[in-house]
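S.K.: This structure is in structure tokens; I'll ask about it shortly.
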Amino acid sequence: MKTQPDNTSNTAGPAGAGPAASAPHLAPLRLPWVRLKYLSYNTQLYPAMIAEASPDAVPGSLVTVYDRQGRVFGTGLYHPRARVPLRMLRHGEAPFTEDDFFTLLDRAMELRLDCLHLPEVSDAFRVVHSDGDGLSGLVVDKFADVLSVEVHSLGVWQRLPRWLPHLHARLGTRRELVEVSERAARVEGIPRPTPDPNLRPVRIRDHGVVFEVDFLEGHKTGFFCDQRENRLRLARLVRPGQTVLDLCCYTGGFALAAAVLAQPAEVTGVDLDEKAIARARRNANLNRVRVQWVHCDAFSYARQMQRNGRRWDVVVLDPPKFVSNRGEMQEGLRRYEDLNRLAVNLVKPGGWLVTCSCSGLVTEETFEKTVVRAVHKENRRLQIVDRTGAGPDHPVLSNCPEGRYLKVLWGRVW
């Protein structure tokens with residue numbers, strides 16, 4: 001005999017409504033809930049994939065997620081008006097409570113502290129990498145005793161006051177800077193915090209190189225944890241007496257790694273950001289090394305050096321993100337191609353080109369094709385030796401491959 005859905009306090013709506021309506025034999029609903037139109041194991045689910053939600057599924061709610069047949073699919077954070085309304089936290093029937101967030105935070109810290117032993121080589125590393133750590137919408141970086149926190153989800157923002165003391169206690173940090181982008185504030189309805197004007201720059205050491213991190217002036221602090229292993233690898237690549245050019249050097253990451261950890265004859269760093277160049281100069285002074293810093297647009301500088309016939313043994317190209325959305329794809333790829341065409345002509349025959357892209361929408365295959373096309377148009381050849389990406393503190397979850405945003409191509413130029 002067909003039974004009606006249980007209409008007790010842990011069901012939603014009138015009898016026959018909600019995800020259990022098509023499968024009345026299932027267990028009572030867990031409030032609040034969301035029902036899906038289509039199944040996807042990605043951590044981020046978009047509006048077209050959601051069929052309905054219970055009335056009490058308010059912005060920031062921890063919700064039980066059901067499939068079309070009314071079976072429990074998992075648990076997530078819900079915001080009906082967000083660009084990403086459902087951020088999955090767990091798949092399966094096991095309940096997920098507020099205390100389970102601390103399990104995810106502990107798992108993220110365990111990777112960095114106990115598995116990777118990052119404090120042994122750096123005072124700065126990523127603690128939580130959003131979807132890669134199962135905490136979609138949260139990014140946390142550690143810089144000495146400061147946590148730099150980026151929030152992209154209202155549900156994360158609402159819970160942050162409980163999470164921050166837990167992070168500080170395990171990491172030995174004392175202060176935090178919480179940032180919310182203008183877009184996230186507008187779409188998610190998150191109030192933008194006012195930075196503490198007393199939060200002074202800190203000094204961190206990364207594989208023996210000292211950097212000053214300014215939280216109030218630097219774009220994303222001015223120091224990029226994701227390139228840590230690539231900076232070290234570059235330094236090991238440089239032989240004594242060689243010359244190094246770091247185009248788009250920002251605050252001097254690759255240039256300083258080469259100058260401090262290798263024995264180059266000359267290192268040059270170029271960037272259009274005047275404040276970044278000033279910070280790079282201070283970083284060089286902290287490390288007591290000499291680097292030629294040039295405040296100039298990378299395209300203009302490369303063209304002028306090409307006209308001058310100047311070439312280097314090693315050229316690093318790490319430009320800012322050229323593709324932020326799909327509408328910028330064509331123009332962004334053109335810029336990658338143009339800049340790599342210029343850069344390859346600054347490399348001596350047999351020298352190294354290390355070229356990067358941090359545009360997540362550009363796939364590894366597309367980026368490599370773009371670089372190869374640029375090299376061939378200049379009648380040069382690239383002997384590709386390796387392809388790398390972000391360091392292990394930026395893990396990629398198997399069901400969210402979009403997290404693999406950084407691409408680094410290593411090749412000798414002939």
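S.K.: Among the residues of the stretch 167-196, which ones are within 17 Å of Leu154 (Cα to Cα), not in a loop (DSSP other than H, G, I, E, B) and not hydrophobic (A, V, I, L, M, F, W, C)?
M.R.: Answer for the stretch 167-196, where residues must be within 17 Å of Leu154 (Cα to Cα), not in a loop (DSSP other than H, G, I, E, B) and not hydrophobic (A, V, I, L, M, F, W, C): Glu179, Glu182, Arg183, Arg186, Glu188.
S.K.: Among (1) among the hydrophobic types (A, V, I, L, M, F, W, C); (2) in the same structural domain as Gly70 (by TED's automatic domain parsing); (3) touching a His at 6+ places or on another chain (Cβ under 9 Å), where does Leu89 come up short?
M.R.: Result: Leu89 fails condition (3) only.
S.K.: To continue, here is another question. Restricting to the stretch 144-177, give me the number of residues that are farther than 22 Å from Arg107 by Cβ and without any contact (Cβ under 8 Å) to a residue 60 or more places away in the chain.
M.R.: 4
S.K.: So, one more: Return the total of residues in the stretch 268-323 being part of a loop (DSSP other than H, G, I, E, B) and either touching a helix residue (DSSP H, G or I) at 6+ places or on another chain (Cβ under 6 Å) or under 14 Å from Cys248 (Cα atoms) (or both).
M.R.: Summing the residues that are part of a loop (DSSP other than H, G, I, E, B) and either touching a helix residue (DSSP H, G or I) at 6+ places or on another chain (Cβ under 6 Å) or under 14 Å from Cys248 (Cα atoms) (or both) in the stretch 268-323 gives 12.
S.K.: Say whether the condition of being within 24 Å of Val347 (Cα to Cα), touching a residue at least 40 places away in the same chain (Cβ under 8 Å), in a strand (DSSP E or B) and hydrophobic (A, V, I, L, M, F, W, C) is met by at least one residue in the stretch 225-245.
M.R.: Among the residues of the stretch 225-245, at least one is within 24 Å of Val347 (Cα to Cα), touching a residue at least 40 places away in the same chain (Cβ under 8 Å), in a strand (DSSP E or B) and hydrophobic (A, V, I, L, M, F, W, C), which makes the answer yes.
S.K.: Same structure, new question: Among the numbered criteria (1) surrounded by 23 or more Cβ atoms within 10 Å (Cβ to Cβ); (2) closer than 30 Å to Thr194 by Cβ, which one does Glu98 miss?
M.R.: (1)
S.K.: Check Tyr250, Tyr301 and return the single one that is surrounded by 18 or more Cβ atoms within 10 Å (Cβ to Cβ) and farther than 30 Å from Glu402 by Cβ.
M.R.: Tyr301
S.K.: Okay, moving on. Can you name the number of the only condition in (1) over 19 Å from the mean Cα position of the chain (by Cα); (2) within 20 Å of Val244 (Cα to Cα); (3) surrounded by 20 or more Cβ atoms within 10 Å (Cβ to Cβ) that Arg341 fails?
M.R.: That leaves (3) as the condition not met.
S.K.: Suppose we keep only residues that are crowded, with 18+ Cβ neighbours inside 10 Å and of a type in the set (Gly, Ala, Ser) within the stretch 48-74. Which one would you say is farthest from Ala185 (Cα to Cα)?
M.R.: Selected residue: Gly70.
S.K.: Of the residues Leu77, Leu135, Leu89, Leu164, which single one is in contact with a strand residue (DSSP E or B) (Cβ under 9 Å, 6 or more places away or on another chain), part of a helix (DSSP H, G or I) and either surrounded by 14 or more Cβ atoms within 10 Å (Cβ to Cβ) or not hydroxyl-bearing (Ser, Thr, Tyr) (or both)?
M.R.: Leu164
S.K.: In the stretch 92-129, which residues are free of Cβ contacts under 8 Å to residues at least 12 places away in the same chain, in a helix (DSSP H, G or I) and either under 24 Å from Gly155 (Cα atoms) or among the hydroxyl-bearing types (Ser, Thr, Tyr) (or both)?
M.R.: Asp100, Thr103, Glu110
S.K.: While we're on this one: Restricting the search to the stretch 122-148, which residues are under 24 Å from Leu45 (Cβ atoms) and hydrophobic (A, V, I, L, M, F, W, C)?
M.R.: Passing the criteria: Val128, Leu135, Leu138, Val139, Val140.
Let's see how each residue does on (1) at pLDDT 95 or above; (2) closer than 21 Å to Leu62 by Cα:
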residue	(1), (2)
Leu113	yes, no
Arg126	yes, no
Asp133	yes, yes
Val139	yes, yes
Val151	yes, yes
Gly155	yes, yes
Arg183	no, no
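S.K.: Does the stretch 296-309 include one or more residues that are within 21 Å of His207 (Cα to Cα), within 27 Å of the chain's Cα centre (by Cα) and either of a type in the set (Val, Ile, Thr) or assigned by TED's automatic domain parsing to the domain that holds Val354 (or both)?
M.R.: no
S.K.: Moving on. Going by what's in this entry, would Tyr78 be described as farther than 30 Å from His207 by Cβ, in contact (Cβ under 8 Å) with a residue 60 or more places away in the chain and outside the structural domain of Ser136 (by TED's automatic domain parsing)?
M.R.: The answer is yes for Tyr78.
The values are calculated or read from the model by the stated rules, or taken from the named source; none is laboratory data. Source: prediction; values computed, not measured. All Cβ positions, glycine included, derive from the backbone under ideal geometry; neighbour counts span all protein chains shown.
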